[in-house]
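Participant: Before anything else, here's the structure in question.
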Amino acid sequence: MADSRLAILSRHFTSAAADCKAGSGSFGQNLGWIKISPEVSEALKHGTPIVALESTIISHGMPYPQNFETAKELEVIVRENGAVPATIAILDGIPCIGLTTEELEILARLGSKARKAASRDIALVMAGRENGATTVSATMYLASKVGIPVFVTGGIGGVHRHGENTMDVSSDLTELGNTPVAVISAGIKSILDIPRTLEYLETQRVTVAAYRTDEFPAFFTQTSGCKAPARVESPEHCARVIDANIRLEQKSGILIAVPIPREHSASGSLIESAIQQALQEAREKKITGNAETPFLLARVNELTGGASLASNIALVKNNASIGAKIAVSLAQLQKRSYNRL
Ligand SMILES: O=c1[nH]cc([C@@H]2O[C@H](COP(=O)(O)O)[C@@H](O)[C@H]2O)c(=O)[nH]1
């Protein structure tokens with residue numbers, strides 16, 4: 001129900017934002033564990049569309065200074081499309097919803113010195129007063145805590161190749177099964193096992209749809225050889241799916257997979273052979289667990305002479321523009337429902 005959605009939003013807002021005395025940047029007495037930027041706090045209060053953005057992509061996904069430039073550009077794109085950006089990270093042990101440019105730069109310069117923080121790591125990073133770059137799972141969790149239903153990233157984690165033996169399955173997938181946030185991504189990299197990832201998402205009750213295509217995209221390439229479980233046609237269509245998920249009070253999330261724009265996917269086969277080589281090297285060097293994705297991303301970028309980084313940046317920007325339009329449509333839909341009450 002729209003009213004319950006609004007009630008949830010307002011509960012989240014009053015408990016997290018108001019108690020945090022959002023706007024002053026100081027911490028509240030009750031829930032003094034999270035900091036919401038004044039701009040995001042205002043947007044939450046007024047039902048202005050917001051797009052959550054993750055921070056592992058900044059620290060571990062790209063090198064400095066391209067990571068800093070991209071992080072700033074993503075926020076500009078979100079704004080140009082009518083939404084408020086909320087980059088999420090943990091700074092000095094405090095989960096932050098909405099970062100200043102200075103904070104974005106701190107994270108970008110820290111790179112892999114920041115801890116790659118998945119959901120399970122949030123408590124550890126807080127307790128240790130560390131800096132944590134949030135992955136898809138941790139960003140989803142924190143976004144949902146404050147009532148942000150739309151989140152843009154590049155790619156999500158998945159079932160790793162040979163996952164049937166190693167059990168290496170990203171917690172992004174289980175978080176998607178447990179947290180009602182819509183993740184807008186370019187699909188899943190072919191460094192992962194895409195068919196098994198789609199199976200696992202089904203098991204987790206995650207709604208998965210590809211944007212204006214029948215095929216599930218593979219991050220650097222528009223195609224993966226896997227049929228998408230469903231297809232969505234427009235930001236309005238995505239917003240209706242998200243709105244329905246909220247009305248149903250589903251606990252699970254939504255994955256919207258947006259193919260990389262064709263002009264940036266040209267180097268797909270070059271990237272694919274680099275991926276094969278990087279996977280081989282990871283096996284030889286016995287690089288596993290949460291170190292594997294950053295290793296593969298960096299190595300593929302080296303092997304492609306920077307082409308993969310350029311594609312990566314292009315697809316995230318495309319996702320940011322579509323994600324912001326989805327957030328705008330969703331906010332309009334919810335306002336219309338609210339006005340009818
Ligand atoms: O193309 C990318 N895929 C994944 C990541 C990051 O890696 C995380 C998944 O890591 P793992 O496979 O260790 O769960 C994602 O949530 C995201 O933050 C990234 O930067 N770029």
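The values are calculated or read from the model by the stated rules, or taken from the named source; none is laboratory data. Bear in mind that the values here come from a model prediction, so they are computed numbers and not experimental data. With ideal geometry, Cβ positions are generated from the backbone for all residues, glycine too; neighbour counts draw on all protein chains shown. What goes into the accessible areas is simple: the full protein's heavy atoms, side chains included, and nothing from ligands, DNA or RNA. Shrake-Rupley method; radii C 1.70, N 1.55, O 1.52, S 1.80 Å.
Participant: With the convex hull built on the Cα atoms of the range 187-341, state its orientation-averaged projected area in nm².
Facilitator: Here the figure is 9.9 nm², rounded to one decimal.
Participant: Could you tell me what percent of the DSSP beta bridges with both partners in the chain are antiparallel, to the nearest 5?
Facilitator: 30 percent
Participant: Summarise the accessible area of the range 283-341 (1.4 Å probe, protein heavy atoms) by the percent that is carbon and sulfur.
Facilitator: Accessible surface attributable to carbon and sulfur in the range 283-341 totals 53 percent.
Participant: Arg205 to Arg109: FRET efficiency via 1/(1 + (r/R0)^6), r the Cβ-Cβ distance, R0 35 Å, to the nearest 0.05?
Facilitator: That pair, Arg205 with Arg109, gives E of 0.35.
Participant: For a quick check: with amide H placed at 1.01 Å from N, whose amide H comes under 5 Å from Cys96's, ignoring anything fewer than 5 positions away on the same chain?
Facilitator: Distant-sequence amide H within range of Cys96: Lys35, Ala89, Ile90, Leu91.
Participant: Okay, next question. Would you mind putting 87-95, 276-284, 75-83 in packing order, based on average other-beta-carbon counts within 10 Å, highest first?
Facilitator: Output ranking for 87-95, 276-284, 75-83: 87-95, 75-83, 276-284.
Participant: What is the sum of charges around Thr197, taking Lys and Arg as +1, Asp and Glu as -1, for the other residues whose C-beta is under 11 Å from the C-beta of Thr197?
Facilitator: Here the charged neighbours net out to -1.
Participant: Is the shape of the range 113-268 best called rounded, prolate or oblate, per the rule: a/c under 1.5 gives rounded, else a/b larger than b/c gives prolate, else oblate, with a ≥ b ≥ c the square roots of the Cα gyration tensor eigenvalues?
Facilitator: Taking the square roots of the gyration eigenvalues as a ≥ b ≥ c, the range 113-268 is oblate.
Participant: Specify whether the C-alpha gyration tensor of the range 187-278 places it in the rounded, prolate or oblate class, a ≥ b ≥ c being the square roots of the eigenvalues: rounded for a/c under 1.5, otherwise prolate if a/b is larger than b/c and oblate if not.
Facilitator: Because a/c hits 1.5 or more and a/b fails to exceed b/c, the range 187-278 counts as oblate.
Participant: Beyond a 21 Å Cα-Cα separation, which of these cross-linked pairs lie in this structure: Lys35/Lys145; Lys189/Lys251; Lys45/Lys72; Lys116/Lys286; Lys189/Lys317?
Facilitator: In this structure, Lys189/Lys251; Lys45/Lys72 lie more than 21 Å apart at Cα.
Participant: Considering the chain, what Rg and Dmax in Å follow from its alpha-carbon atoms?
Facilitator: Here Rg and the maximum Cα pair distance are 18.7, 61 Å.
Participant: Take the alpha carbon atoms of the range 103-131, find their center, do the same for the range 282-310, and report the distance between the two centers in whole angstrom.
Facilitator: Rounded to whole Å, the Cα centres lie 21 Å apart.
Participant: Full extension from Asn165 to Ala314: what is 0.36 nm times the residue separation minus their Cα-Cα distance, to one decimal in nm?
Facilitator: Length gained between Asn165 and Ala314: 50.2 nm.
Participant: So, one more: Considering only DSSP beta bridges with both partners in the range 66-195, what is the antiparallel share in %, to the nearest 5?
Facilitator: 55 percent
Participant: Give the calculated FRET efficiency between Tyr338 and Ala291 to the nearest 0.05, with a Förster radius of 51 Å applied to their Cβ-Cβ distance.
Facilitator: Computed FRET efficiency for Tyr338 and Ala291: 0.65.
Participant: Where a ≥ b ≥ c are the square roots of the eigenvalues of the C-alpha gyration tensor, would you call the range 264-336 rounded, which needs a/c under 1.5, or, failing that, prolate if a/b is larger than b/c, or oblate?
Facilitator: Here the range 264-336 falls in the prolate category.
Participant: Taking R0 as 35 Å, what FRET efficiency do you get between Gln276 and Arg79 from their Cβ-Cβ distance, rounded to the nearest 0.05?
Facilitator: Plugging the Cβ-Cβ distance into 1/(1 + (r/R0)^6) gives 0.35.
Participant: Return the whole-Å distance between the Cα centroid of the range 188-203 and the Cα centroid of the range 62-97.
Facilitator: The distance from the Cα centre of the range 188-203 to that of the range 62-97 comes to 27 Å.
Participant: Ignoring ligands, DNA and RNA, what accessible area per residue does the range 171-317 give at 1.4 Å, in Å²?
Facilitator: Counting only protein heavy atoms, the per-residue value for the range 171-317 is 43 Å².
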